[in-house]
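Notes to accompany the following structure.
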Amino acid sequence: MILYFSGTGNSEYAARRISTETKDKLMNLGERIRSRDFSGIHSDTPWVVAAPTYAWRIPRVLEEWLKNTELRGNKNIYFVMTCGGNIGNAGRYLKKLARSKGLDYRGCAQIVMPENYIAMFTTPTQEEAAGIIRGSLRAIDEAARQIKDSRPFPQLPITRKDKINSSIVNILFYPMFVHAKKFQATNACTSCGKCAVICPLNNIHLKNGTPVWGKNCTHCMACINRCPTQAIEYGNHTKTLPRYTCPKSI
């Protein structure tokens, strides 16, 4: 079974393409994470977890869900991580997580996709994004074939920088940067409420028709990138940047 968590669609795109190749079932973990549903699930086929990279590791909200949810049936687990650059030393922590659940860690595939972390970096235009996604297809398809053939993913070379990024930088990243203080709605807001509906942590609610952010944010960037009127900004940094969501097909 293929489990995926996706804010702006990159990991969903990879998961769906792998599902097409392997003929395996898909499960969107967004609602389960939102409702804190930790009820166990069963799969006869290997587990495949597709997720974005947050500071060179999987998102902590996803890690919490995996730690608290029993994955019954097949004992093999693969991870597929989408990223704007690289996944660092994420595999070390995923291997440890798999072992804690009694699962056989089969490796982590790195899939470079368009940058969506609009709070800190520059998002691509539609044309640029399409080119990056086309470039990712070989890696996605190879990962699918390895899963289908029951082969482990090859180990990526790990540098000292990778180790630092996935440990010290990741630890500092959350308290220093992951908060919702800079999110704000402009006059372009139509009070549609989509941001509140798609937030995986129920961190947004409408007050007098205007979205208000709480303190439980994971920086998935779903609200700002999926707003239909581009009415959400993150400080001054995002005011001139294009919004990015992964297209369903290229």
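The values are calculated or read from the model by the stated rules, or taken from the named source; none is laboratory data. Values in this document were obtained by computation on a predicted structure and should not be read as measured data. Cβ: placed from backbone, ideal geometry, glycine included. Neighbour counts: every protein chain shown. Remember, those area values only see protein heavy atoms, side chains included, never the ligands or the DNA or RNA. Shrake-Rupley method; radii C 1.70, N 1.55, O 1.52, S 1.80 Å.
Some observations on this one:
Here is a yes/no grid of residues against (1) more than 30 Å from PHE177 (Cα to Cα); (2) of a type outside the set (A, V, I, L, M); (3) touching a strand residue (DSSP E or B) at 6+ places or on another chain (Cβ under 6 Å):
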{"site": "LYS23", "(1), (2), (3)": "yes, yes, no"}
{"site": "GLU31", "(1), (2), (3)": "no, yes, no"}
{"site": "ILE41", "(1), (2), (3)": "yes, no, no"}
{"site": "TYR54", "(1), (2), (3)": "no, yes, no"}
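- Number of the condition not met by SER43 [criteria: (1) open to solvent by less than 10 Å² (accessible area, probe 1.4 Å); (2) farther than 16 Å from LYS148 by Cα; (3) among the hydroxyl-bearing types (Ser, Thr, Tyr)]: (2)
- Region 8-67, residues that are assigned to a strand (DSSP E or B) and of a type in the set (Val, Ile, Thr): ILE41, VAL48, VAL49
- Of all residues in region 68-81 being outside any helix (DSSP H, G or I) and polar (S, T, N, Q), the one that is farthest from GLY7 (Cα to Cα): ASN74
- Within region 54-71, residues that are acidic (Asp, Glu) have Cβ atoms under 7 Å from residues that are assigned to a loop (DSSP other than H, G, I, E, B) in these pairs: GLU70/GLY40, counting only partners at least 6 apart in sequence or on another chain.
- Hits in region 196-211 - residues which are in contact with a helix residue (DSSP H, G or I) (Cβ under 9 Å, 6 or more places away or on another chain) and farther than 20 Å from LEU62 by Cβ: ALA196, HIS205, LEU206, PRO211
- Restricting the first member to region 195-209 and to residues that are part of a strand (DSSP E or B), and the second to residues that are open to solvent by less than 30 Å² (accessible area, probe 1.4 Å), the beta-carbon pairs closer than 7 Å and six or more apart or on different chains are ILE204/CYS195; ILE204/ALA196; ILE204/PRO211; ILE204/CYS223; HIS205/ALA196; LEU206/GLY193; LEU206/ALA196.
- Picking from residues in region 5-23 that are closer than 25 Å to ARG99 by Cα and surrounded by 21 or more Cβ atoms within 10 Å (Cβ to Cβ), the one that is farthest from the chain's Cα centre (by Cα) is ILE18.
- Yes/no for GLN126 being open to solvent by 80 Å² or more (accessible area, probe 1.4 Å), of a type in the set (S, T, N, Q) and assigned by the TED database to the domain that holds ILE58: yes
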